[in-house]
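Some notes on the structure that comes next.
The values are calculated or read from the model by the stated rules, or taken from the named source; none is laboratory data. No experiment lies behind these values; they were computed from the predicted model shown. Don't worry about glycine lacking a Cβ; one is built from the backbone with ideal geometry, like all the others, and counts go over all protein chains shown. Quick note on the areas: whole protein, heavy atoms, side chains included, nothing else; ligands and nucleic acids left out. Shrake-Rupley method; radii C 1.70, N 1.55, O 1.52, S 1.80 Å.
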Amino acid sequence: MATVTRLQPFTTTIFAEMSALAVTHDAVNLGQGFPDTDGPASMLAAACAAITAGDNQYPPGIGVPRLRRAVADDQRARYGLDYDPDTEVLITVGATEAIAGAVVGLTEPGREVVMIEPYYDSYAATVAMAGGVRRTVPLVGDGDGFRLDRGALAAAFGPQTALVLVNTPHNPTGTVLSDDDLAEIARLCVEHDVVAVTDEVYEHLLFDGRTHRPLATFPGMRERTLRISSAAKTFNCTGWKVGWISGPAELVAAARAAKQFMTYVGSGPFQPAVAVALEQEQDWVLANAAALQDKRDLLSAALIDAGFEVHRSEATYFVCADPRPLGYTDGAEFCRMLPARIGVAAVPVSVFADHTEPWDHMVRFAFAKRDDVIAEAARRLRRLA
């Protein structure tokens with residue numbers, strides 16, 4: 001029997017594998033990026049109220065009006081980006097579906113999608129679903145952190161480029177692309193008439209005084225950018241799967257055409273609750289980012305104490321560490337043995353790259369956990385030293 005092979009590499013994920021090992025060995029799970037505390041109380045109460053009020057059926061296909069307005073108002077207030085909530089904002093089943101809808105809706109078979117490597121694992125799968133060809137541009141070492149290889153970026157653009165996927169703040173490395181990097185991406189998009197799809201789910205989780213600047217704010221980019229974010233990381237509700245796309249009406253319509261045949265709609269009672277959070281809980285967002293910065297510092301110190309070389313994390317939930325000082329050169333092998341040996345789970349960075357050699361040793365740890373969980377992980381990690 002003939003089978004479709006382009007999705008064969010994506011039949012399972014590293015997160016499922018590492019989480020299963022964590023359960024088997026009762027390990028502290030620092031592999032999968034989800035928090036272990038809830039979001040703002042007003043949002044949780046609004047969700048409960050929506051459920052008991054009967055908001056449990058299909059919401060409108062483009063999302064409930066209040067949430068679309070809240071998304072548009074938030075972006076106008078933060079970044080000066082003015083989107084029509086009726087035609088330029090689409091509510092999705094999380095950012096992952098938003099990415100899939102954008103890529104499938106805007107990529108013809110055989111066309112190329114430029115993406116930064118390492119990349120979030122769903123990117124490669126959605127390009128495969130669209131029948132596209134991925135072209136990766138690496139992050140390269142920059143002291144204890146990473147920067148974009150702009151020469152490789154320019155070389156990746158060409159006549160077959162359909163779109164560029166831009167993720168900043170960046171998962172898995174915690175890198176925040178500089179304004180100069182973003183300006184170069186914008187220049188290339190305008191020069192080659194390429195659409196940008198920007199994954200900005202960590203836009204509010206920046207550290208050490210850094211600020212986020214959306215690519216859509218650069219000259220020539222408002223009209224060619226689909227901007228994606230979600231409630232998951234902003235409000236600690238990863239299980240609710242409430243995301244959104246903002247951009248020009250014709251690009252949003254293309255993403256919606258694909259998205260409506262993926263799930264159509266979802267998260268009915270959670271959409272108005274997220275609207276409440278966007279309208280009322282900006283102080284909570286700031287406090288959450290500050291708490292995450294402290295957690296980053298706690299886990300980074302623990303990893304250094306255990307003997308790792310630790311890379312700079314400028315944002316997100318994640319810090320990348322190098323176990324080679326401890327004698328381990330294969331990050332995937334290291335992560336597979338770690339739960340059984342010391343009771344900690346992490347994720348190898350090499351699974352997020354086509355060109356794995358620069359990343360073969362690298363390991364990603366998630367610090368969006370309670371302080372007592374990080375402290376227990378630190379105690380276990382010291383067994384490696």
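Rounded to the nearest 20 debye, the dipole magnitude of the chain is 560 debye, with +1 charges on Lys and Arg beta carbons, -1 on Asp and Glu beta carbons, and the Cα centre as origin. At 1.4 Å probe size, with every protein chain present, just tell me what the per residue accessible area of region 86-171 comes to in Å². Computed with neighbouring chains in place, this is 30 Å² per residue. Here the Debye sum runs over all C-alpha atoms of region 173-249 as equal scatterers in vacuum, and log10 of I(q)/I(0) at q = 0.14, 0.16 Å⁻¹ comes out as -0.50, -0.64.
Overall, the accessible surface of region 247-372 at a probe of 1.4 angstrom is composed of carbon and sulfur to the extent of 52 percent.
Of 79, 317, 119, the residue with the greatest mean-square motion in the GNM of the chain, using alpha carbon springs below 10 Å, is 79. Scoring 217-227, 282-292 by mean Cβ neighbours within 10 Å over their residues and listing the highest first yields 217-227, 282-292.
Binning the alpha carbon pair distances of region 306-367 at 10 angstrom intervals from zero yields the distribution 23, 58, 19, 0, expressed in whole percent. Here the peptides 29-35, 96-102 are ranked by packing, the mean other Cβ count within 10 Å, and the order with the highest first is 96-102, 29-35.
Working ranking of peptides 238-247, 58-67 by packing, defined as the average number of other Cβ atoms within 10 Å per residue, highest first, is 238-247, 58-67. Simple point charges give the picture: +1 on the Cβ of Lys and Arg, -1 on the Cβ of Asp and Glu, and for region 292-385 a dipole about the Cα centre of about 400 debye. By the equivalent-ellipsoid construction on the alpha carbon gyration tensor, region 1-137 comes out with semi-axes of 31, 25, 16 Å, ordered largest to smallest. Pick out which of 131, 54, 105 has the largest mean-square fluctuation in a Gaussian network model of the chain, springs linking Cα atoms closer than 10 Å. Most flexible of the set in this elastic network: 54.
Whole-Hz Karplus values for region 118-128 come out as x, 10, 4, 5, 5, 4, 4, 5, 6, 5, 4 Hz, taken residue by residue from phi with 6.51 cos²θ - 1.76 cosθ + 1.60 and θ = phi - 60°; glycine and proline positions read x.
Is the shape of region 216-331 best called rounded, prolate or oblate, per the rule: a/c under 1.5 gives rounded, else a/b larger than b/c gives prolate, else oblate, with a ≥ b ≥ c the square roots of the Cα gyration tensor eigenvalues? Prolate. Over all projection directions, the Cα-based convex hull of region 278-385 averages an area of 7.6 nm².
Note that region 133-138 has calculated 3J(HN,Hα) couplings of 10, 8, 10, 9, 10, x Hz, one per residue in order, obtained from phi through the Karplus relation 6.51 cos²θ - 1.76 cosθ + 1.60 (θ = phi - 60°); glycine and proline are x. As an equivalent ellipsoid, the chain spans semi-axes of 31, 26, 20 angstrom, where each value is the square root of five times an eigenvalue of the C-alpha gyration tensor, largest first. Among the lysines of the chain, pairs at least eight places apart or on separate chains and with Cα atoms under 16 Å apart come to 5. Looking at region 104-216, the pairs of alpha carbons with a distance over 16 Å make up 57% of the total. Note on the chain: with a GNM built from Cα contacts shorter than 10 Å, the maximum mean-square fluctuation among 209, 343, 132 falls on 209.
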